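The values are calculated or read from the model by the stated rules, or taken from the named source; none is laboratory data. This one's a predicted model, so the numbers in the text were calculated from it and none came from an experiment. Glycine also receives a Cβ, built like all others from the backbone with ideal geometry; neighbour counts cover every protein chain displayed. Ligands, DNA and RNA are stripped out before the accessible areas are found, and what is left, the full protein with its side chains, is counted by its heavy atoms. Shrake-Rupley method; radii C 1.70, N 1.55, O 1.52, S 1.80 Å.
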Amino acid sequence: MTLERQSHLRESLDLNFDCDLAIVGGGIVGTTLAAALKDSKLKILLIEAQPFEVAAARRQAYALSVLSGRVFEGIGIWKEIFPYIGKFCHIRLSDADYPGIVKFHTSDLGTEYLGYVAEHHVVLKALQEFIANCSNVSWLCPAEVIAVDYQHSGATISVKVEGEQQQIRTKLVVGADGARSRIRSLAGIKTKGWKYWQSCVAFTIKHQATANETAFERFWPAGPMGILPLPGNRCQIVWTAPHDRAKTLQELDEKEFLAKLEYHTGGLLGRLEMASDRYLFPVQLMQCDRYTKSRLALIGDAAHCCHPVGGQGLNLGIRDAAALAQVLKEAREKEEDIGDIRVLKRYERWRKPENLTILGFTDFLDRLFSNNWLPIVAVRRLGLLMLHHLPLLKIFALQLMTGLKGRKPQLAQH
């Protein structure tokens, strides 16, 4: 991000800079929204609390759905991301050591891949470089939001930049600032949900398997384990367990930890070695009572959070961004006020029910598989048997996991 553009923006702000849209949160979801609005003729300001280099430096990897790939292709950055991410053509779904494994293949969906795995810095740097060349996008970074005053015709955001407080006037505020969203809190929007009894240990490994094009979802009574292929014979693993056990796994001696990991991966990846530190995060389910108010919209984790089983979280946020971008573009073309609640409700009616479906689906999967109660064990293994033998059910589940079920944003339709 050029110093010249940041300096130019500060000068503009000193002259009481106005924008059409202020996006608070410069992570993947907020930056995706800015990039998706490149041709909208809307003046966009992106406000991020961390320096952009710091925001992009997180050591984390995510599953990207087929639909998310199409959104990035529609924006115009997929060619920058694609060479540096993992791709998988197969998914193996298994219940601990039960031999009834369900296998999904590209032929089931008719796509080249069933999904992708991308490291945080690969995606966010590509988005940052893209918006650096968007003439309608400016940013404040680092900047802290102090307060937001919503009025009938617009909103005023008070931000602290280099120790000085400034005012930004905008037609619409978008909260893309994560699960502990300050924008949501300042707006008094309530949430519903719960914290799970589980935490996740996330890390990267190197392995010796000859092929690296399969994603594994291995369910254990303590919690699911997702194994996602990355370039260079690496995998991102998210291992879910009750809080105490997850903490123990994080702190185990590396040799002992790898021995447990080799058992839990069934030896499918050969000899393993650590390629990153292990970091721990708790799991929660959360859905906002509302995604919008007059002059305000919430996207991504600011609006909802789900269990990481199935790798749905970031993908829901990317779909939020693409959907909101479409709603705002259409409103702009009709010369409607983009901050009007009637416009914003179109976004909420689109995304809230779809997100709730995925939240319910991931919660159901976790509760179904994370226990040893014999009647539930019997039910879930019958379910795996049905998935294996009923093609229509298998395709439905695959479409749900890949984002191809439900309304697709225009960005993803090429």
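Quick notes
- Criterion: over 17 Å from Leu314 (Cβ atoms) and open to solvent by less than 20 Å² (accessible area, probe 1.4 Å) - qualifying residue of Ala132, Ala96: Ala96
- Matching residues, the stretch 341-364, being open to solvent by 30 Å² or more (accessible area, probe 1.4 Å) and of a type in the set (A, V, I, L, M, F, W, C): Ile341, Leu356, Phe361, Phe364
- Looking across the stretch 360-376, the residues that are assigned to a helix (DSSP H, G or I), touching a residue at least 40 places away in the same chain (Cβ under 8 Å) and more than 30 Å from Val327 (Cα to Cα) come down to Leu365, Asp366, Phe369.
- Flag if Gln410 is within 29 Å of Tyr347 (Cβ to Cβ), open to solvent by 70 Å² or more (accessible area, probe 1.4 Å) and out of contact with any Asp or Glu (no Cβ under 6 Å at 6 or more places or on another chain): yes
- Residues (at pLDDT 90 or above and either open to solvent by 70 Å² or more (accessible area, probe 1.4 Å) or at positive phi (or both)) located in the stretch 365-378: Arg367
- All positions within the stretch 296-317 that are modelled with pLDDT of 95 or more, touching a strand residue (DSSP E or B) at 6+ places or on another chain (Cβ under 8 Å) and open to solvent by less than 10 Å² (accessible area, probe 1.4 Å): Leu296, Ala297, Leu298, Ile299, Ala302, Ala303, His304, Asn315, Leu316
- Residues within the stretch 198-237 that are within 17 Å of Asp95 (Cβ to Cβ) and basic (Lys, Arg), tallied: 1
- Glu330 being out of contact with any helix residue (DSSP H, G or I) (no Cβ under 6 Å at 6 or more places or on another chain), within 22 Å of His307 (Cα to Cα) and in a helix (DSSP H, G or I): no
- Residue match in the stretch 171-184 (condition: among the hydroxyl-bearing types (Ser, Thr, Tyr), in contact with a helix residue (DSSP H, G or I) (Cβ under 7 Å, 6 or more places away or on another chain) and closer than 30 Å to Pro83 by Cβ): no
- Hey, Ala34 part of a helix (DSSP H, G or I), under 24 Å from Ala297 (Cα atoms) and either modelled with pLDDT under 95 or open to solvent by less than 20 Å² (accessible area, probe 1.4 Å) (or both) or not: yes
- Residue within the stretch 272-289 that is in contact (Cβ under 8 Å) with a residue 12 or more places away in the chain, closer than 29 Å to Ala412 by Cα, aliphatic (A, V, I, L, M) and part of a strand (DSSP E or B) present: yes
- Top-ranked residue in the stretch 56-87 [being of a type in the set (Lys, Arg) and touching a residue at least 12 places away in the same chain (Cβ under 8 Å); ranked as most open to solvent (accessible area, probe 1.4 Å)]: Arg59
- Number of positions in the stretch 188-233 that are part of a strand (DSSP E or B), open to solvent by 50 Å² or more (accessible area, probe 1.4 Å) and more than 21 Å from Gly360 (Cβ to Cβ): 1
- Number of the exception - Glu335 against (1) open to solvent by less than 30 Å² (accessible area, probe 1.4 Å); (2) on the phi > 0 side of the Ramachandran plot; (3) not basic (Lys, Arg): (1)
- On the stretch given as the stretch 171-185, residues that are open to solvent by 10 Å² or more (accessible area, probe 1.4 Å) and touching a residue at least 40 places away in the same chain (Cβ under 8 Å) total 7.
- Conditions (1) open to solvent by 20 Å² or more (accessible area, probe 1.4 Å); (2) hydrophobic (A, V, I, L, M, F, W, C); (3) more than 29 Å from Lys41 (Cβ to Cβ): number failed by Phe104: (1)
- For first residues located in the stretch 342-356 and within 15 Å of Ile189 (Cβ to Cβ) and among the hydroxyl-bearing types (Ser, Thr, Tyr), partners that are in a helix (DSSP H, G or I) and modelled with pLDDT under 95 and lie 6+ apart or on another chain with Cβ distances below 9 Å do not occur.
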